[in-house]
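Engineer: Attaching a single structure in structure tokens format; questions to follow.
The values are calculated or read from the model by the stated rules, or taken from the named source; none is laboratory data. These figures come from a predicted structure and were not determined experimentally. Note that each Cβ is placed from the backbone with ideal geometry, even for glycine, and that neighbours are counted across all protein chains shown. Quick note on the areas: whole protein, heavy atoms, side chains included, nothing else; ligands and nucleic acids left out. Shrake-Rupley method; radii C 1.70, N 1.55, O 1.52, S 1.80 Å.
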Amino acid sequence: MGGVRRFIVVMLFDGVDLLDVTGPPEVFALLRRETGDDTGYEVALAAETMDPVTTAAGVRVLPDITFDEASRRAIDTLLVPGSVEVDEERRVHALTDPAVVGRVRTLAARTRRVTSVCVGAHLLAAAGLLDGKRATTHWSTAQQLAADHPEVEVDADPIFIRDGGVWTGAGITACLDLSLALVAEDYGEAVALRVARQLVMYLKRPSGQSQFSVPVEPVSTTRRMAELRHFVTERIGEPLTVADLAGHAHVSERQLTRIFKTELGMTPAAYIEAARVEVARNRLETSDDTLDRVATACGFGTSDTLIRAFRRKLGTTPTEYRGRFRRTG
């Protein structure tokens with residue numbers, strides 16, 4: 001590879017998600033092991049002081065440098081992890097400590113490339129770094145990000161997004177995909193694929209890859225919605241229509257649409273398709289059924305309809321999905 005080592009700063013603060021902090025450095029360390037080259041990356045964990053930082057997992061981490069020390073150097077990549085709290089109703093909320101936001105803003109000014117992992121995007125947004133940009137975050141806090149920062153174009157589906165010199169990542173394990181993308185940008189696809197193999201990540205997932213399973217995860221807050229979802233699940237292989245659901249719930253189609261948008265943030269038709277895709281995903285992962293059989297069993301009718309739904313919902317095809325996620329044994 002040759003050249004000067006790229007200085008990467010990973011921010012530390014109390015309550016930070018542990019894997020957000022440890023995942024990316026593991027990818028960067030494997031780059032050196034895989035290439036045998038002393039150049040590459042210099043990774044430093046930075047915090048307000050040199051005292052141990054307690055992560056959300058309860059594991060204490062020792063900083064390498066302070067934020068003040070980091071601010072005196074030219075930073076190639078600033079990596080901003082996140083932290084959350086869960087309320088009494090088990091709802092997840094991203095935290096944005098003003099002191100940490102201030103440090104993000106200061107360090108970003110000395111940085112070539114800024115990245116966030118998972119809910120770290122909320123810190124970037126609070127620092128004004130996502131204004132007018134497209135960004136992603138963990139699906140559970142995407143609505144919060146959009147509500148708190150209407151100037152940000154929030155897309156909760158991709159596993160990571162690059163907009164100019166700012167990168168945002170989705171779920172916690174997506175930090176590995178994002179880190180591999182950074183390696184690919186810096187040292188090429190061939191090197192990144194070698195690192196991916198060491199991580200037993202057989203394929204690097206592209207930025208457009210969907211955060212699988214998101215559309216059907218929200219918990220129903222009313223008995224009526226729970227019954228409707230059960231009705232869809234029980235008849236997933238049948239030709240379900242919005243009229244069928246409205247008739248089952250004894251409401252008009254217009255009222256049914258309002259219920260779904262309020263409860264799940266999507267239309268009934270979109271939910272039915274998402275539920276079909278979810279069942280199809282499971283069959284592709286666990287069976288050798290042909291695409292035609294999967295399509296029929298999940299209510300798509302034809303494999304062409306199945307393929308179009310996968311492209312819309314997951315940004316991939318059923319065949320590509322099976323190749324990546326087929327379970328064996």
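Engineer: What is the spin-label model distance, in nm, from Ala99 to Ala74 if the labels are put 7 Å beyond Cα along the C-beta direction?
Structural biologist: 3.2 nm
Engineer: Over the Cα atoms of the chain, what Rg and Dmax result, in angstrom?
Structural biologist: Radius of gyration, then largest Cα-Cα span, for the chain: 21.9, 69 Å.
Engineer: Local charge sum around Val232 (other residues, Cβ-Cβ under 14 Å, Lys/Arg +1, Asp/Glu -1)?
Structural biologist: Cβ neighbours under 14 Å give a net charge of -3.
Engineer: Can you give the relative contact order of the chain as a percent, counting alpha carbon pairs under 8 Å and 6+ residues apart?
Structural biologist: Dividing the mean separation by the residue count of the chain yields 12 percent.
Engineer: In whole Hz, with x marking every Gly and Pro, tabulate ³J(HN,Hα) for the stretch 102-117 from phi via Karplus 6.51 cos²θ - 1.76 cosθ + 1.60, θ = phi - 60°.
Structural biologist: x, 5, 4, 4, 5, 5, 4, 5, 10, 10, 6, 9, 10, 9, 10, 10
Engineer: Moving to a separate point now. Tell me, what is the per residue accessible area of the chain in Å², probe radius 1.4 Å?
Structural biologist: Per-residue accessible area for the chain comes out at 48 Å².
Engineer: Another one. Quick check: residue separation of Leu18 and Thr262 times 0.36 nm, minus the Cα distance between them. What number comes out in nm?
Structural biologist: 84.5 nm
Engineer: In degrees between 0 and 90, to the nearest 10, how far off the longest principal axis of the chain does helix 189-198 point, with axes built from Cα atoms?
Structural biologist: Value to nearest ten degrees: 80.
Engineer: When the gyration tensor of the stretch 66-201 is built from Cα positions, what are the square roots of 5 times its three eigenvalues, in whole Å, from largest to smallest?
Structural biologist: 24, 20, 14
Engineer: In the chain, carbon and sulfur make up what percent of the accessible area (probe 1.4 Å)?
Structural biologist: 49 percent
Engineer: How high is the relative contact order of the stretch 5-150? Use alpha-carbon pairs under 8 Å, at least six apart in sequence, and give a whole percent.
Structural biologist: After rounding, I find 23 percent.
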